[in-house]
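Every read-out reported here was derived from the displayed coordinates using simple, explicitly stated rules and does not represent laboratory data. These numbers were taken from a predicted model, which means no experiment stands behind them. Don't worry about glycine lacking a Cβ; one is built from the backbone with ideal geometry, like all the others, and counts go over all protein chains shown.
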Amino acid sequence: MDTTFYHLNLINPLINASGVKCMQSSQLDELTSCNIGSIVTKTCTPLQRQGNSEPRYYEPKNHLLTINSMGLPNEGVQYYLDYYKKNSASLQLSCKGRFLSLGGLSINENLNMLDIIYQNPENLTHLDAIEVNLSCPNIVGKSQLGYDFQNLESYLRIIFTKIETLEETLLVDMIKNLEPGKPELKEKVDTKYKVLIGCKLPPYFDMCHFQVIADILSKFPRLDYINCINSIGNGLVIDSNTEKVVIKPKNGFGGLGGKVIKPTALANVHQFYRLLGDKVKIIGCGGVSNGDDLFQMILAGATLVAVGSQMMIKGVKCIDKILRELEDIMKKKGYSTLDDFRGKLQYL
Ligand code: RRO
């Protein structure tokens, strides 16, 4: 199941979906000690947040879907940086990819978190990727950035300019401080402190929209990957017995996940794979609950694959099962590596 994601050599392509089992250190510990290839933190803000009122997550008995309106509860960016620093040894030993998800409620909050990360360069040595969440559907009064076709490009321009400026400053400082007589190569410094940059996208449903977004993303060469999809925003689940909604925030409206969103997730992964090609790698997320789902995500073009609702429902033990099932499928089909079938979806 060995997977390479740029320079990262991972034991397998699986990662948790942000928000699942990754808010508190005890949950992150569970991920760290299971067989998952990479870990992403709960999307965070500069300071700790309580999030929306409860109940804010629901899964029906048939497990066909989940609905959440968590409202970005998190421990604040420093907490997650500290977690990665404190657990650096075990994370490195298990070769886990370490992803940090940022979801500032304004552009300034995102810039502020980037400052916090880069002001202590050591943070970057404990981190493999920074993922900017452009798609939280559950903040009362805020729309999803990924759907703001007018402003997305200028928003990303500000974020990427900030990242490139911080990187440049860091590089200059590091090279200045290199011990004389022990010259480290510029590239070595560059690799040590350079993290991957990704964006978490909402689902798109219109062929024109895929093209519009791909055109915008293509303007940012520093973008390494996209993670698609976030939950399908503003679904409504009703309990006929009680005649009530099942979650409290936003009169019951929330982000849908689970098995029912898999076709939408596959469509987004595959269409962006076609449009962005090799320029941007893809983390596929949405409705993966078994080895066959994982197989399909990779066939559609994903390099890494996130597990969300299934992990909420079954816990981290589902990871081994999903991997075993994929192994069986590959054996039956005579595939020995994931590259044998990645992106090789055929049409009729
Ligand atoms: O915290 C949430 O309500 C949440 C977030 Br930030 C997100 O990106 N996706 C989601 O389904 N819920």
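Which length gain, in nm to one decimal place, applies between Lys331 and Leu105 when the Cα-Cα distance is subtracted from 0.36 nm times their residue separation? All intermediate terms of the calculation are to be shown ahead of the outcome.
Working: separation 226, 0.36 × 226 = 81.36 nm, distance 4.59 nm.
Working it through step by step, the gained length comes to 76.8 nm.
What per residue convex hull volume, in Å³, comes out for the stretch 226-286 when only alpha-carbon positions are used?
Numbers: hull volume 4.8 nm³, N = 61.
It is 78 Å³ per residue.
Points 7 angstrom from Cα along the Cβ direction at His63 and Asn120: gap in nanometres?
For His63 paired with Asn120, the spin-label model returns 4.0 nm.
So if each residue of separation counts as 0.36 nm, and I subtract the Cα-Cα distance between Lys176 and Met1, what length gain in nm does that give? Could you put the intermediate results ahead of the total?
Details: separation 175, 0.36 × 175 = 63.00 nm, distance 4.12 nm.
That pair, Lys176 and Met1, stretches by 58.9 nm at full extension.
Pick from Val40, Val280, Val288 the residue whose mean-square fluctuation is largest in a GNM of the chain, springs joining Cα atoms under 10 Å.
It is Val280.
If you take all C-alpha pairs in the chain, what percent of them are over 33 Å apart?
Details: 14877 of 60378 pairs.
That tail contains 25 percent of the Cα-Cα pairs.
Work out the length of the dipole vector of the stretch 259-348 about its Cα centre, built from +1 on the beta-carbon of each Lys and Arg and -1 on the beta-carbon of each Asp and Glu, and round it to the nearest 20 debye.
Values: 14 positive and 9 negative charges, 23 e Å.
Roughly 120 debye, rounded to the nearest 20.
Out of residues 5 or more away from Cys199 or on other chains, whose amide H comes under 5 Å of its own, with H placed 1.01 Å from N in the peptide plane?
The answer is Val132, Tyr225, Ile226, Asn227.
Compute the helix-to-body angle for 107-119: its Cα long axis versus the longest principal axis of the chain, expressed 0 to 90° and rounded to tens.
With both axes taken from Cα atoms, the answer is about 50 degrees.
Enter the angle in degrees (range 0 to 90, nearest 10) between the Cα long axis of helix 262-276 and the first principal axis of the Cα atoms of the chain, meaning the one along which they spread out most.
Tilt of helix 262-276: around 40 degrees.
What whole-number value in cubic angstrom gives the convex hull volume per residue for the C-alpha atoms of the stretch 233-342? Write down the numbers at each step before the final one.
Numbers: hull volume 13.7 nm³, N = 110.
That works out to 125 Å³ per residue.
Straight-line reach only, C-alpha to C-alpha below 19 angstrom: list the aspartates and glutamates that Lys142 could link to, leaving out same-chain residues fewer than 8 apart.
Hits, sequence-local ones excluded: Glu109, Glu153.
How far is helix 152-176 tilted off the main Cα axis of the chain, in degrees rounded to 10, range 0 to 90?
30 degrees
Calculated FRET efficiency, Arg222 and Lys244, Cβ-Cβ r, R0 51 Å, to nearest 0.05?
0.65
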